[in-house]
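Working notes, beginning with the structure itself.
Read-outs throughout are calculated quantities, based only on the coordinates presented, and are distinct from any laboratory measurement. Not measured: the values here are computed from a predicted model. Glycine gets a Cβ as well: all are built from the backbone with ideal geometry, and neighbour counts include every protein chain shown.
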Amino acid sequence: MSTDRATPLRVAVLASGRGSNLQAIIDAIAAGQIQANIVAVISNKRDAPALERARAHGLPDLFLDPKPFAGRPDSREAYDRAILEVLEQRQVELVLLAGYMKIVTGVLVNAYANRMMNIHPSLLPSFPGLDVQKKAIDWGCKLAGCTVHFVTEGVDEGPIILQAAVPILDDDTPDALAARILVQEHKIFPRAVQLFAERRLRVEGRRVVIDGAKPHGEAVISAS
Ligand code: GAR
């Protein structure tokens, strides 16, 4: 099977904060690891450093203010319809939620079924939601990690594409653990995008099959 693309994959990144995962994707594209172009970086936060990173790399950035949509019964859907309009205008093929701290609705999920990925800092299905590094430590887990998954309407519930695990140390703090997990996030998120761009991801029910992968070949276990 040829994995070469005639044209680079058109990617949009939705981000609310720091944007280090956005940066990892930018860097992987620049390094030639992914045949893709980022055609939109969209944030629900005016001051998101992610937007700053986009501008620094000459990428089209957009702050889409949720406030004008607030107060109406379908405010979340209406906001997502505004995002969808931008995605369709720019002919986006893959949407990445990279630290996007807003729950997406069926409007986006259905339009981008199996074409929208999220990165989450836990080994799903353990610890969906927020403050997950602290929860993993408090629970007494020996392993933590991160997950890239396709996005469905259930929060942090979609089919898992890649995961990486890191040990939890006896004296770990949530911040220290989050930093070690982040190192792995920056590896598996670009890798998942690369696999998508190479058309090697197949969703079968809840499972994502990676064409051409060796058994266990895509799981990452870090010793540190
Ligand atoms: C990352 O750790 C990401 O996994 C997490 O937010 C951080 C964003 O960092 N996402 C979630 O918790 C989503 N549920 P970044 O802005 O530097 O990429």
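The figures follow:
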quantity: Loop trypsin sites (Lys or Arg not before Pro), the range 5-74, which have at most 14 other Cβ atoms in a 10 Å radius of their Cβ (DSSP); calculated: ARG5, ARG46
quantity: Length added when fully stretched, ARG81-GLU153, from 0.36 nm per residue minus Cα-Cα; calculated: 24.4 nm
quantity: Most mobile of LEU22, LEU84, LEU51 in a GNM of the chain (Cα contacts under 10 Å); calculated: LEU84
quantity: Charge dipole (debye, nearest 20) of the chain; +1 at Cβ of Lys and Arg, -1 at Cβ of Asp and Glu; calculated: 320
quantity: DSSP H segments from the chain that extend 27 Å or more along their own axis, Cα-based, with Kyte-Doolittle mean of -0.5 or above; calculated: 174-197
quantity: Lysine pairs with alpha-carbon atoms under 15 Å apart, the chain, spacing 8 or more or separate chains; calculated: 4
quantity: Centre separation in Å (Cα based) which lies between the range 84-155 and the range 10-33; calculated: 15
quantity: Full-stretch length increase - HIS57, VAL203 - with 0.36 nm per residue and alpha-carbon distance subtracted; calculated: 49.3 nm
quantity: Cβ-Cβ FRET estimate between ILE221 and ARG115, R0 fixed at 35 Å, reported to 0.05; calculated: 0.75
quantity: Computed over the chain: relative contact order in percent, which uses C-alpha pairs under 8 Å that are six or more apart; calculated: 19
quantity: Computed label-point distance, nm, for sites GLN89 and THR173 using a 7 Å Cα→Cβ extension; calculated: 4.4
